[in-house]
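Asks: Got a structure for you, written out below as structure tokens; questions coming shortly.
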Amino acid sequence: MATESSANEPLPGDATGASGRSGVTGGQTPDPAPRASTPSGQAPAEKKKSRAGRDLPAAIGVGGTLGISIILILLFAPKVWYGVVAVAFAIATWEVSKRLRDGGYQVAFWPLLVGGQAIIWAGWPWAQTGVLTAFAATVLVLMVWMLLAQGISRAPENYLHNLAASVFVLAWLPLLASFGAHMVVQDNGAARVATLMVVVVCSDVGGYAAGVLFGKHPMAPAISPKKSWEGLVGSLVVGTTGAVCCGIFLLDAHWWVGAILGPVLVVCATLGDLVESQVKRDLGIKDMGTLLPGHGGIMDRLDSLLPSAFIVWAVLTALL
């Protein structure tokens, strides 16, 4: 396994690292610290976790609750989906901005929050033209905001460094999210959004099961040590099966639409997960937040959904 880089060391002045977990960085488990012995000389019992490192009952409970809520929204009030996406990405923007600031990046939170909402909501009346316009306008605001952040008489420090991080957050979160939000106002929009959610869940479940049962060959040990090639195969099989079923039963499309969508979505979802893993590794943290027990923060649930939203929108727009 590759040697940890200095980016994964705890931040200055924080003995436990940015995540608040002593010695845990980048999703890897460090060597356990010496434990106090009981009077009998035995170490105290520890709470067991799954082989994937999750609190599995909590993860299943939270995931099931979120899944049922989304199904009910898509069945009875599909336009509410826009509001769900907007709120989720407002929280995700706060999580990522906080982590980046803790890591030394002075991102412009308020332009990111307001501009991100504009990007998401502009897609409802004006589709991708509105999204692109809002994105470009927010980038211009970011350029000026960070130029004048310390006043007109002082030159900003690390201007390009901080501006690049801010634009990255804008493109990573609200820009990609806008495609997932906009699908709900397209023809058969609720079914398109449901396809996105079902195939991503199938990919996650297939990858988790195959990785736990058969995973022996690490796929990207320097980025995400727990991911294996066997897990990717499981994701491809279950995710593609789910995509074909969604294509036939939800979208009333030919089976080959799902056969195309499935593998492309699984690969992009996996890469999206790796991108967030590398960001967290650079920042020396394990999770982006703590809002969702067993999962981490909101952003820790959205990492694979972000590129997947664009892929589903693009493939279904082209083929249906």
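Every number in this text was worked out from the coordinates using simple rules, so none of it is lab data. What you see is a predicted model; the values in this text were computed from it and never measured. Counting neighbours? That spans all protein chains shown, and the Cβs are built from the backbone with ideal geometry, glycine included.
Asks: Of Lys79/Lys227; Lys79/Lys286; Lys216/Lys286, which ones are farther than 29 Å apart at the Cα? Working shown, then result.
Replies: Details: Lys79/Lys227 36 Å; Lys79/Lys286 34 Å; Lys216/Lys286 23 Å.
Pairs exceeding 29 Å: Lys79/Lys227; Lys79/Lys286.
Asks: Please list, by residue number, every one of the trypsin sites (Lys or Arg not before Pro) in region 164-230 that is coil in DSSP and has at most 12 other beta-carbon atoms within 10 Å. List each step's numbers first, then the result.
Replies: Numbers: sites: Arg192, Lys216, Lys226, Lys227; in loops: Lys216.
Answer in residue order: Lys216.
Asks: Roughly how far apart, in whole Å, are the Cα centres of region 62-117 and region 200-233?
Replies: About 26 Å separates the Cα centre of region 62-117 from the one of region 200-233.
Asks: Now a separate question. Between Ala222 and Leu75, 0.36 nm times their residue separation minus their Cα-Cα distance comes to what? Write down the numbers at each step before the final one.
Replies: Numbers: separation 147, 0.36 × 147 = 52.92 nm, distance 4.19 nm.
Full extension from Ala222 to Leu75 adds 48.7 nm.
Asks: Let me ask something additional. Just to check, using Stokes-Einstein with a Kirkwood Rh over alpha carbon pairs, what's the diffusion coefficient of region 86-227 at 4 °C and 1.567 mPa s in µm²/s? Walk me through the numbers before you get to the answer.
Replies: On the way: Rh = 17.4 Å.
After rounding, the answer is 75 µm²/s.
Asks: Still on this structure, I have one more. Hey, what do the phi angles of region 162-173 turn into as Karplus ³J(HN,Hα) couplings, whole Hz, using 6.51/-1.76/1.60 and θ = phi - 60°, x for Gly and Pro?
Replies: 6, 5, 4, 5, 5, 5, 4, 4, 4, 6, 6, 9
Asks: Same structure, new question: Do any trypsin sites (Lys or Arg not before Pro) in region 68-149 lie in a loop, going by DSSP, with at most 13 other beta-carbon atoms within 10 Å of their beta carbon, and if so which? Could you put the intermediate results ahead of the total?
Replies: Working: sites: Lys79, Lys98, Arg99, Arg101; in loops: Lys79.
Those that pass, being in a loop and sparsely packed, are Lys79.
Asks: Name the residues whose placed amide hydrogens come within less than 5 Å of the amide hydrogen of Lys227, ignoring near sequence neighbours (fewer than 5 apart) on the same chain.
Replies: It is Met219, Ala220, by chain and number.
Asks: If I take all pairs of Cα atoms in region 261-320, what percentage of them are more than 16 Å from each other?
Replies: Numbers: 875 of 1770 pairs.
In whole percent, the share of Cα-Cα pairs in region 261-320 beyond 16 Å is 49.
Asks: Follow-up question, since we're still on this one. Give the calculated FRET efficiency between Val87 and Ala137 to the nearest 0.05, with a Förster radius of 25 Å applied to their Cβ-Cβ distance.
Replies: Working from the Cβ atoms, E equals 0.70.
Asks: What spacing in nm lies between the two simple spin-label points modelled at Thr290 and Gln128, each 7 Å away from Cα in the Cβ direction?
Replies: 4.1
Asks: Give the distance, in whole Å, between the Cα centre of region 130-169 and the Cα centre of region 245-320.
Replies: Each part's Cα centre sits 28 Å from the other's.
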